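The values are calculated or read from the model by the stated rules, or taken from the named source; none is laboratory data. In this text, all values refer to a predicted model and were calculated from it rather than measured experimentally. With ideal geometry, Cβ positions are generated from the backbone for all residues, glycine too; neighbour counts draw on all protein chains shown. Remember, those area values only see protein heavy atoms, side chains included, never the ligands or the DNA or RNA. Shrake-Rupley method; radii C 1.70, N 1.55, O 1.52, S 1.80 Å.
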Amino acid sequence: MANPDTMTVLRDALASGDSDAICAALQDMIIFKAVNPLAPSDLDEVAEVLDLGGRAAGTALQVLHAAAVRQGTLPADTEAAAGWLRAVVERSRDDPDGRMAIRDAIHLLARMDDPMPIEQLAYDARHFDGVRVKKEDYCHPAIAGMLRRHDAELAALQAALGENRAAREIGAIREYARDPPGYEERVRLAQEDEVEVL
């Protein structure tokens, strides 16, 4: 459980409605995550901040992502948290600065076994450009299991896209999901070959 003082500071900041104080309390949680890991009930309170939007929601998302990916801890009320995370994805979809929020949210949703990451991948497929929308957002251990479970849907999406960059990116994501370490090794070797050619 987190230091009770940390949670008290967050609760007081939320009660005051002061966005800067909320962000400061959440930043302390990020800084002291190894010393004071958050309990699932603490993460429920952090997840509520997602509803505020803006910088506070972005910082809350970082806290939730760190707890899930580094410590394996999810909010106790995953249904409520998933609802707020889906809202984050939907409001960030067309925001050029929202990719980090989308990436973190889909990783969390995948850990909660929510289908939104697959829906977002289908949405992103039309926008893969390697700069703003990249396959690397989906080539992450947090989402690999969900990608494997939905491989048939992804295969159908890849086939429907034809022979374009988006179809190749979906194919690479599917390849990653089947064997993440093998995929990463193949990418590393390909990069080394490119360097040798230069």
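Out of curiosity, is Ala13 open to solvent by less than 70 Å² (accessible area, probe 1.4 Å), in a helix (DSSP H, G or I) and closer than 21 Å to Ala101 by Cα? It is false that Ala13 is open to solvent by less than 70 Å² (accessible area, probe 1.4 Å), in a helix (DSSP H, G or I) and closer than 21 Å to Ala101 by Cα.
Is it the case that the range 126-139 has a residue that's open to solvent by less than 10 Å² (accessible area, probe 1.4 Å) and outside the structural domain of Pro40 (by the TED database)? Yes, the range 126-139 contains at least one residue that is open to solvent by less than 10 Å² (accessible area, probe 1.4 Å) and outside the structural domain of Pro40 (by the TED database). The residues listed here are Ala155, Ala160; of these, the one that is touching a residue at least 12 places away in the same chain (Cβ under 8 Å), part of a helix (DSSP H, G or I) and not assigned by the TED database to the domain that holds Pro75 is Ala155.
Among the residues here, Gly145 qualifies as in a helix (DSSP H, G or I), closer than 27 Å to Thr73 by Cα, out of contact with any strand residue (DSSP E or B) (no Cβ under 8 Å at 6 or more places or on another chain) and outside the structural domain of Leu61 (by the TED database). When Asp20 is tested against (1) touching a Lys or Arg at 6+ places or on another chain (Cβ under 9 Å); (2) outside the structural domain of Arg168 (by the TED database); (3) in a helix (DSSP H, G or I); (4) closer than 30 Å to Ile173 by Cα, only condition (4) is not met.
Scanning the range 161-195 for residues that are open to solvent by 90 Å² or more (accessible area, probe 1.4 Å) and hydrophobic (A, V, I, L, M, F, W, C) turns up just one, Val195.
Those helices (runs of 4 or more DSSP H) of the range 29-112 in which 1 or more residues are at pLDDT 90 or above and more than 16 Å from the chain's Cα centre (by Cα) occupy 40-48, 54-71, 78-92. On inspection, Thr8 passes the criterion of being more than 23 Å from Ala142 (Cα to Cα) and either free of Cβ contacts under 8 Å to residues at least 40 places away in the same chain or open to solvent by 60 Å² or more (accessible area, probe 1.4 Å) (or both). Could you tell me which of the residues Ala67, Ala76 is more than 14 Å from Ile102 (Cα to Cα), open to solvent by 10 Å² or more (accessible area, probe 1.4 Å) and either in contact (Cβ under 8 Å) with a residue 24 or more places away in the chain or not assigned by the TED database to the domain that holds Ile106 (or both)? Being more than 14 Å from Ile102 (Cα to Cα), open to solvent by 10 Å² or more (accessible area, probe 1.4 Å) and either in contact (Cβ under 8 Å) with a residue 24 or more places away in the chain or not assigned by the TED database to the domain that holds Ile106 (or both) holds for just one of Ala67, Ala76, which is Ala76.
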